[in-house]
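Single-structure report; data block below.
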Amino acid sequence: MTLSLVPAPARILAHEGSLEIGDGTHVVVESNELTATARRFIDDVRIDTGIALELASPSDSGTPVVLALDTAELDSVAAAGGVRADGRSVADAADERHGISITPEGVRVWGATAEGVHRGLTSLRQLIAAVSRDRLAALPAAEILDGPRFAWRGLSFDVARTFHGPETVRRVIDMCSLHKLNVLHLHLTDDQGWRIEVPTRPALTAIGGAGALGDRPGGYYTLAEMAELVEYAAARFVTLVPEIDMPGHTGAIFRAYPELAPADGRAGEVAPGLAIGTLDPERPETWAFVEDVLDAVIPQFPQSAYVHVGGDEAFGMADEAHAAFVERAVALVRARGRRALGWQETARAAIGADEIVQYWIDSRETSAMMDNEALKTMVPSELLPLIVETMAKAEHDVPRALATGAKLLISPTSRLYFDRPHAEDSADPAQEEMRARVGLPVYPPMSLRHGVEWDPVDDTPGVSSDDQIAGVEAAIWCETIANRDELEFMLLPRIGGLAEKSWARRTVTEWNDYAERIAAQATIWDARGWTWFAANTVDWAADEVTAR
């Protein structure tokens, strides 16, 4: 039986009959712990379809959707592998496995935790929206048992090169929740801007946050705004993880505090959106700064067990200095009761088994990227050898990380960098101008099919088992993305492929089956006013394309 669900569930059993869901259908909770989850589901269904469900008591008459904390049959689905961003155990406190039973008499959604029930309700939302017509949805009778393959299912979101305000971040959190992603990794600092308050270092936001790439407006999240975003995400079982990029990508830091810049003056923008210069691990003022930042940032993310310390693209920095910086930064994170996460170059330092290494450089395509004419026009000739040198070391990063016992967060440029141009034409000719303009030309264009026809284990050199993987995370970088419409155009429908590869237990995704399932999701995207790319390789409903 095929149901219009993305990601694909672990088990589906079809039954005879169907059930109508419409205005006034009751939602009943068997535990008060599920009341907030039920209210969120009711709100989501109303936005997605216009159907007005009602929270009711068990004694009320009417066809119910019953929510329960229960573990019945869930052991038939294996527990998730990997690591959770909030540090909780997938075996008990953060078990996301769930069941859904749809019969002509009603719906029962159950899980061991409120989070598990929420994931089940997310599937129910998708099923209702896929068949909803005139505020009535006829659901086929079925039983679904499901749970994620990986515990960390994330999106890395660049808010530094283009500042995206709180409302846009909330929209991205909603996209994550709809696709059963549970991590939004905020890339808060880079050469182009600093986006988070550090009260003891006010110039970081006053000066470092004043601009963005080119002439785009700057901005930052106040303490109150960040607290609201963390709460909004937590209500949807999404963990916000902060990234403070260092020792490279520090142009905004040096604008705010020039005394931290290299003493030899070798720092600054060398091309639009590209700066050089790294923090010096030998200078005491460097570590006073890093400690101030960690002391201010960590409390703003109470749900996150991790702090991302960057560690990437420290062009021109000696290997020994880079390793020394990473090791001390990781130690400072540990001293504050958190764990460190870093881009794959951090594997070149002496890290421990508790750290996560984010694999991103697919060495199989590095040489083609280095020969790309677009890169040569974007980067000064004197910087190219430094980039080539850094990339040449990448093939050793994964073996080094695994040798320490560290787990990998799988984020290959070749599959999960969503700033790559779209390869297909759009079924909507009006989108072709944006498709030609948005997307970093350094990368070859990527099709939706390429984004789902792979496996995180089989496709990662040096990896042989799920046990070596913390999770799967895509990245959306904003060099060519200047506004919310362009951001959403690059995220959708690609985020569905990310969900499929991080949640679904199928190691092989059959394209035609996936294309049919992803097409059904567009009704929700339209209902929420999200911009999405209407790839002509998917048979979208005609009204979905013309309504764009």
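Against the empirical curve 2.2 N^0.38 Å, the C-alpha radius of gyration of the stretch 11-146 lands at a ratio of 1.03. Translational diffusion coefficient of the stretch 429-548 (Stokes-Einstein, Kirkwood radius from Cα pairs, 10 °C, 1.306 mPa s): 101 µm²/s.
Put a dot 7 Å past the Cα of residue 433, heading toward its Cβ, do the same for residue 103, and the two dots end up 5.7 nm apart. Within straight-line reach of residue 376, meaning a Cα separation under 24 Å, sit the following lysines at least 8 residues removed in sequence or on another chain: 393.
Figure legend: label point modelled 7 angstrom from the Cα of residue 30 along Cα→Cβ; residues of the stretch 89-103 with amide N under 13 Å from it are 99-101. Taking GluC sites (Glu not before Pro) as exposed when DSSP calls them loop and at most 13 other C-beta atoms lie within 10 angstrom, the chain has its longest site-free stretch at 106-281. Using the Cβ-Cβ distance between residue 14 and residue 228 with R0 set to 45 Å, the FRET efficiency from 1/(1 + (r/R0)^6) comes to roughly 0.55. Using 1/(1 + (r/R0)^6) with R0 = 35 angstrom and r between the beta carbons of residue 285 and residue 377, what's the FRET efficiency to the nearest 0.05? The pair residue 285/residue 377 has a calculated efficiency of 0.40. Over the stretch 140-220, the ratio between the Cα radius of gyration and 2.2 N^0.38 Å evaluates to 1.47.
The stretch 307-348 and the stretch 357-379 have Cα centres spaced 22 Å apart. Modelled spin labels at residue 335 and residue 79, positioned 7 Å past Cα toward Cβ, are 3.4 nm from each other. Among the trypsin sites (Lys or Arg not before Pro) within the stretch 181-286, those in coil by DSSP and having at most 16 neighbouring Cβ atoms inside 10 Å are 266. Taking amide H as placed 1.01 Å from N in the peptide plane, the amide H of residue 239 sits under 5 Å from that of 183, 184, each at least 5 places away or on another chain. Here's how it looks for residue 246: its modeled amide H is under 5 Å from those of 310, 311, 312, which are all 5 or more places away or on a different chain.
Label point of residue 513 set 7 angstrom out along Cα-Cβ; within the stretch 1-19, amide nitrogens under 20 Å from it belong to 1-15. Estimated purely from DSSP H runs of n ≥ 4, each contributing -39500 (n - 2.57), the mean residue ellipticity at 222 nm for the chain is -9500 deg cm²/dmol once divided by its residues. Each part gets one Cα centre, and for the stretch 58-74 versus the stretch 224-254 those centres are 37 Å apart. Taking a point 7 Å out from the Cα of residue 60 in the direction of its Cβ, the residues of the stretch 15-37 whose backbone N falls within less than 11 Å of it are 24-29.
Rule-based calculations on the coordinates, nothing more; no lab input. Since the model is a prediction, treat every value here as computed from it, not as a measurement. Quick reminder, even Gly has a Cβ in these numbers, built from the backbone with ideal geometry, and neighbours come from all protein chains shown.
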